[in-house]
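J.: I have a structure I would like to understand better, so I am pasting it below and will then ask my questions one at a time.
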Amino acid sequence: MSKIMNLLDRLFPICRSITGDGVRKTLDILDEIAPIKQKEYPTGMGCFDWTIPKEWNINDAYIKNSQGEKIVDFNESNLHVLGYSTPVHKNLSKEELMGHIYTNPEMPDAIPYLTSYYEERWGFCVEHNRLEEFEDDQYEVSIDSTLEDGYLTIGEGYIEGTSDKEILLSTYICHPSMANNELSGPIVQTYLYKYLLEKEDLKYNYRFLYLPETIGSIAYLSKNGEQLKEKLVAGYVITCIGDDAPFTYKKSRRGDTLADRAVLNVLENSNRDYEVLDWFPTGSDERQYCSLGFNLPVGSLMRSMYGTYDEYHTSLDNKDFISESALKESIKTYLDVIETMELNDTYTTDHKFCEPKLDKYGLYPTLGSQKENEDRVKEIMHLWAYADGENDIIDIANKLGVVANELDEALDKLINSGLLNPPSDK
Amino acid sequence: MSKIMNLLDRLFPICRSITGDGVRKTLDILDEIAPIKQKEYPTGMGCFDWTIPKEWNINDAYIKNSQGEKIVDFNESNLHVLGYSTPVHKNLSKEELMGHIYTNPEMPDAIPYLTSYYEERWGFCVEHNRLEEFEDDQYEVSIDSTLEDGYLTIGEGYIEGTSDKEILLSTYICHPSMANNELSGPIVQTYLYKYLLEKEDLKYNYRFLYLPETIGSIAYLSKNGEQLKEKLVAGYVITCIGDDAPFTYKKSRRGDTLADRAVLNVLENSNRDYEVLDWFPTGSDERQYCSLGFNLPVGSLMRSMYGTYDEYHTSLDNKDFISESALKESIKTYLDVIETMELNDTYTTDHKFCEPKLDKYGLYPTLGSQKENEDRVKEIMHLWAYADGENDIIDIANKLGVVANELDEALDKLINSGLLNPPSDK
Amino acid sequence: MSKIMNLLDRLFPICRSITGDGVRKTLDILDEIAPIKQKEYPTGMGCFDWTIPKEWNINDAYIKNSQGEKIVDFNESNLHVLGYSTPVHKNLSKEELMGHIYTNPEMPDAIPYLTSYYEERWGFCVEHNRLEEFEDDQYEVSIDSTLEDGYLTIGEGYIEGTSDKEILLSTYICHPSMANNELSGPIVQTYLYKYLLEKEDLKYNYRFLYLPETIGSIAYLSKNGEQLKEKLVAGYVITCIGDDAPFTYKKSRRGDTLADRAVLNVLENSNRDYEVLDWFPTGSDERQYCSLGFNLPVGSLMRSMYGTYDEYHTSLDNKDFISESALKESIKTYLDVIETMELNDTYTTDHKFCEPKLDKYGLYPTLGSQKENEDRVKEIMHLWAYADGENDIIDIANKLGVVANELDEALDKLINSGLLNPPSDK
């Protein structure tokens, strides 16, 4: 089994929520791939309009029928427990039990995923088609959970670059056993992190956040938002990125940031189908990153987006729903996007009046009218012709219809020939 | 018979022209629905490049053949007389008569509608297919009309709102017995006027003009144009609005005024087919309202537009060409547009940094991940997220794909919760 | 035979290159149609990053087999010699010969067109399918050419207009016997020149350049570029304009110059298929005209563009590939474009408040509601309504959906009526 699928196998059974040991265990495992520092925010800490809730942990849970048989068992699927359920252990009537059972009639064979973070409740989530199995009058329910003062845990990784500008990758680690939403996110982000660690001379600083969704990004922004506002040039929320569907890109609120332009250059010039959506204020943590006060340049490159596929937020969003090849293509695509941003810059030339005699610089074949080398000459000519200090490499790549990072060789040649001035520090 | 069709029946037979008693009688009848004040401009009054013409009235007209039989009779259709025909009563040869007969060979069964306001003529308009009935050598013609110094009459209604800004509704009342162009216009406008009178707390002032086309709006603008320029935020020329065809919207000259944006929001999000046309300098009174010196924000929401349907300006543009249901849908649509403009504003929020915790305000379900209330939460989130003082409610409704006036409840809730600041007076 | 095809017949056999007597002879023949002044730049003259090369001339060339039979003969096609081949006369082995033979396997029945201007070489270009005829072991090759200090020759024509602004027409005269690329260019340009000479009162000055491609325009710009920068309002590189394919327009680098707007008005409103390309830095002399430092308003209206058709740069781009009717339509289209630019201007009106009473000026029928004269009234109304000093005649023609030069009569009438102010000198 490949390392990436082995990682998935290890992370999948863990019962994560917005707080608790499942989060810590998940971060510990990811830390084996790339160094992730855990930070904790205490219960009761205020963050903007929100407050860090109590920490929730769970050991076991079940429903037994009157014969004492476990008919619903947390050990079979942690989705069976309503997230953040308060502890309970008692016998009760069928009627009372039914007030605590949640199903999704539209997906009758799936266990729905439900939570009650901010109102104390207990409950079980069951396949709608199994309701008929509840034939007895009396049941025993047990949820062996704790809801106490504690901490909300986040993970953070960092790679230092040569400039003072930063790129943010953010994913979430608060969902129990589901694959596309959410484990594809932490897995893709962590491998991306690992591969970037291997690169030298990165221009940008890279920050990798692993947060419980919503409350995690709000807490993080309450501490670090102003710093991000100052340094961030691009960012992505990495989620729903493991299935075989075409890519979906949700733009940043501003819509024309480096984050948006780099992804669109890669998608448009890769012969893929893809969909582009304008930013909207529902979704994942880009709701917070792009909120009015921050308005950070953060988009989200996904595959089957949250809320758009039937298996979403059910037990059918399982390991079969995603694939190793899709995960790897997603990692590769995010890497292409990052290379594009690393490469991107505007250039100027001192050869403004008529084209340089390229053969003098070894950049043009001496035998005219041959079709060989046409593409390379085209690249060279475009990079020179648009070295106006306004068009950047992404613009030029878009004119050429290529992914920007394919221009790296031609760019080096032009700089080495003195035909392009190296970019000034900005 | 419904009130609206009864109104049509009463107005249809009246012989209107740009001046004369037909105009006054029409305004008297409409005044029964909503108060319309008549104003008169005297013959000879200058208005820009134009002069108020003599007043024209007509009692009767006919052509008799040599047996004394009326073969063309004003009482059968007032379209038979060339508009503004000078009086005549004489016997004449067929050849001489034919110099005064107008037909439309392209619509051979219809009486064409023709006028000669600014050059003195007399004439009869006849179905092209009836020319063969003119077999005699001698005829008697009579047009019992007067063309004398008098007045040009216009009608005006007004509803006072709470702001000092104004919305203009303008229609024309100068065509004889034709239904889509023009009686649909005065009927729709007057019912709109009636329904707006029933509303409380209108933000805008509403002005309703009933004018003879062209000369009427030029005369009105010569007296009131500067005031309109100062106060008008939107306006519509209401014409050709009674048949069952899809809506056609002709934009204001500026193209992006409140008038344009409100109509387009309503049409785009109502699952209707519709057509949008850029402003052009032929057409109806928007020619004057949008002339360079005024350039008022006036568009025109129509159905089958003037000049585009075969029955236009013929006796076949009759009561069968329009329908009660179309008239009512037109009134409803103009009301939607007006509600959209009334509702529209830009908002700001003091919750700029991360989203407000909506459940604290009763605006979010406490049980996470449920599909219920999704649309309402989406509305709430959009209204909050774009409360940037720049996007207005129409912009936000367009992002949501809804008609703006559907957002009124969500908007009230957000204002009442303190999550949106009430709009400052502007 | 028509004059235009006779001209083609006379020019076709001449062996042109970027220097030499072929260029001079070509300009001499074109000078019979319209006066063309020859200018010469000496070998060694620097021009920006380039230097004028030695002058190349050729008398004869052949390859003989071991029986002394000419198997490749310059007199059959001047394409057989690699352009700028150095002189050679010797016996050599098949193996050595093959190092000097060029073919195009993708077009095996065509002689490819190749040159080596800037590296001294000799060679022959042969149909790929004829390689099998080279069965002998020994051959005699002869190229009776000279490559010596001399001159690069260009041609220039000029028509003086009433303003100080200039329009540039530029074509190239450096290709041996090929028809679409390039003889269609000099032929169309010279007839355009001839027809413009017959016109009176041209507003713009017209400059006609006949240049060896690339080095010719670079040399010209090194002497005259600053003057062109100051005076040029539009220009076109005329090339690949003789075949029957639909028009292709390559925009100027700026993309919205008078050059671009005039061509697009003509193409869009002429019921033709056509293609529009954004500027790109490969192609013909617009590479130099539009280089960053000059950025002149120069586009290129072509038919089958260089590099896009199989016959390009081969012996199959011959007289059969182009047609008299296509050449004539091309001339006519360039003339339409020029008339559009001559006519184009912005106007103002003193009748800004409501429309003028057009019948007072004889510009409107006195009988209302007739369909006659509708198009003329529409033209008049549009020209008046958009006389805002911002929309120019091309803008107005685009709104009307007509070629701008169709508006000349209506424009004259409005100016003569005093309804438009004559354009101020600019």
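The values are calculated or read from the model by the stated rules, or taken from the named source; none is laboratory data. Remember, predicted model here, so these are calculated numbers, not experimental data. A quick note on method: Cβ atoms are made from the backbone with ideal geometry, for glycine too, and the neighbour counts reach across all protein chains shown.
J.: Among the numbered criteria (1) modelled with pLDDT under 95; (2) among the basic types (Lys, Arg); (3) crowded, with 20+ Cβ neighbours inside 10 Å, which one does A:ARG253 miss?
T.: Condition (1) is where A:ARG253 drops out.
J.: If the Cβ limit is 9 Å and pairs must be 6+ apart or interchain, which residue in region A:273-291 that is within 12 Å of A:MET302 (Cα to Cα) and in contact (Cβ under 8 Å) with a residue 12 or more places away in the chain pairs with which residue that is among the hydrophobic types (A, V, I, L, M, F, W, C) and part of a loop (DSSP other than H, G, I, E, B)?
T.: A:GLU275/A:MET305; A:LEU277/A:MET305; A:GLY283/A:MET305; A:SER284/A:CYS240
J.: Would you confirm, using the coordinates I've provided, whether B:LYS413 is over 30 Å from A:SER284 (Cβ atoms) and either among the basic types (Lys, Arg) or over 37 Å from the mean Cα position of the chain (by Cα) (or both)?
T.: Judged against the criteria, B:LYS413 is not a match.
J.: So which residues in region A:120-146 are in contact with a helix residue (DSSP H, G or I) (Cβ under 8 Å, 6 or more places away or on another chain) and part of a loop (DSSP other than H, G, I, E, B)?
T.: Matches in region A:120-146: A:VAL126, A:PHE134, A:ASP136, A:ASP137.
J.: Go through the residues of region A:19-32 one by one and say whether even a single one is assigned by TED's automatic domain parsing to the domain that holds A:ARG207, among the small types (Gly, Ala, Ser) and under 24 Å from A:SER142 (Cβ atoms).
T.: yes
J.: Looking for whichever is outside the structural domain of B:GLU324 (by TED's automatic domain parsing), of a type outside the set (Asp, Glu) and in contact with a strand residue (DSSP E or B) (Cβ under 9 Å, 6 or more places away or on another chain) here; the options are B:TYR158, B:TYR172. Which one fits?
T.: Step by step, each of B:TYR158, B:TYR172 is checked, and only B:TYR158 is outside the structural domain of B:GLU324 (by TED's automatic domain parsing), of a type outside the set (Asp, Glu) and in contact with a strand residue (DSSP E or B) (Cβ under 9 Å, 6 or more places away or on another chain).
J.: If you go through region B:86-102 one residue at a time, how many are touching a residue at least 24 places away in the same chain (Cβ under 8 Å), part of a helix (DSSP H, G or I) and exposed (fewer than 15 other Cβ atoms within 10 Å of the Cβ)?
T.: 1
J.: Can you tell me which residue is farthest from the other protein chains (Cβ to nearest Cβ) among those in region B:91-133 that are among the polar types (S, T, N, Q) and touching a strand residue (DSSP E or B) at 6+ places or on another chain (Cβ under 9 Å)?
T.: If we take residues in region B:91-133 being among the polar types (S, T, N, Q) and touching a strand residue (DSSP E or B) at 6+ places or on another chain (Cβ under 9 Å), then B:ASN91 is farthest from the other protein chains (Cβ to nearest Cβ).
J.: Those residues that are farther than 16 Å from C:GLY20 by Cα and in a strand (DSSP E or B), I need them from region C:52-67; list them, please.
T.: C:ALA61, C:TYR62, C:ILE63, C:LYS64
J.: Every residue in region C:325-379 that is in a strand (DSSP E or B) and farther than 25 Å from B:GLY123 by Cα, please.
T.: Once the filter is applied, which keeps residues that are in a strand (DSSP E or B) and farther than 25 Å from B:GLY123 by Cα, region C:325-379 yields C:THR346, C:TYR347, C:THR348.
J.: Quick check: is even one residue across region A:279-298 more than 17 Å from the chain's Cα centre (by Cα) and farther than 25 Å from B:GLU355 by Cα?
T.: Within region A:279-298 (the criterion being more than 17 Å from the chain's Cα centre (by Cα) and farther than 25 Å from B:GLU355 by Cα), the answer is no, since none of the residues qualifies.
J.: Given the residues A:LEU419, A:LEU383, A:LEU407, which is the only one that is surrounded by 15 or more Cβ atoms within 10 Å (Cβ to Cβ), away from every other protein chain (no Cβ under 11 Å) and of a type outside the set (Phe, Trp, Tyr)?
T.: Answer to the selection: A:LEU407.
J.: Going through B:LYS231, B:LYS223 one at a time, which residue ends up being closer than 30 Å to B:THR43 by Cα, surrounded by fewer than 21 Cβ atoms within 10 Å (Cβ to Cβ) and more than 14 Å from chain C (Cβ to nearest Cβ)?
T.: Testing whether each residue is closer than 30 Å to B:THR43 by Cα, surrounded by fewer than 21 Cβ atoms within 10 Å (Cβ to Cβ) and more than 14 Å from chain C (Cβ to nearest Cβ) leaves just B:LYS231.
J.: Identify the residue in region B:313-348 that is touching a Gly at 6+ places or on another chain (Cβ under 9 Å) and aliphatic (A, V, I, L, M) and, among all such residues, is farthest from B:ASN78 (Cα to Cα).
T.: So, considering only residues that are touching a Gly at 6+ places or on another chain (Cβ under 9 Å) and aliphatic (A, V, I, L, M), the one farthest from B:ASN78 (Cα to Cα) is B:ALA326.
J.: Still on this structure, I have one more. Right, A:ASN205: surrounded by fewer than 20 Cβ atoms within 10 Å (Cβ to Cβ) and without any contact (Cβ under 8 Å) to a residue 12 or more places away in the chain or not?
T.: Against the criterion (surrounded by fewer than 20 Cβ atoms within 10 Å (Cβ to Cβ) and without any contact (Cβ under 8 Å) to a residue 12 or more places away in the chain), A:ASN205 does not qualify.
J.: Which of the numbered conditions does A:ASP73 fail, given that it passes all the others? Conditions: (1) surrounded by fewer than 18 Cβ atoms within 10 Å (Cβ to Cβ); (2) of a type in the set (D, E, K, R); (3) closer than 19 Å to A:HIS175 by Cβ.
T.: Failing condition for A:ASP73: (3).
J.: Further question on the same structure: Does region B:386-404 hold any residues that are part of a helix (DSSP H, G or I), surrounded by fewer than 19 Cβ atoms within 10 Å (Cβ to Cβ) and either touching a residue at least 60 places away in the same chain (Cβ under 8 Å) or more than 14 Å from chain A (Cβ to nearest Cβ) (or both), and which are they?
T.: B:ASN398, the sole residue that qualifies.
J.: Looking at A:SER300, is it within 19 Å of A:ILE338 (Cβ to Cβ), more than 14 Å from every other protein chain (Cβ to nearest Cβ) and in contact (Cβ under 8 Å) with a residue 24 or more places away in the chain?
T.: yes
J.: So which of C:GLY68, C:GLY83 is assigned by TED's automatic domain parsing to the domain that holds C:ILE111, surrounded by 19 or more Cβ atoms within 10 Å (Cβ to Cβ) and out of contact with any Lys or Arg (no Cβ under 7 Å at 6 or more places or on another chain)?
T.: From the options C:GLY68, C:GLY83, the qualifying one is C:GLY83.
J.: On to the next question. Kindly indicate the residue of region B:16-38 that is surrounded by 22 or more Cβ atoms within 10 Å (Cβ to Cβ) and in a loop (DSSP other than H, G, I, E, B) and also farthest from the chain's Cα centre (by Cα) among those meeting that condition.
T.: B:GLY20
J.: Of the numbered conditions (1) in contact (Cβ under 8 Å) with a residue 24 or more places away in the chain; (2) crowded, with 18+ Cβ neighbours inside 10 Å; (3) touching an Asp or Glu at 6+ places or on another chain (Cβ under 9 Å), B:ASP336 satisfies every one except a single condition; which is it?
T.: Failed condition: (3).
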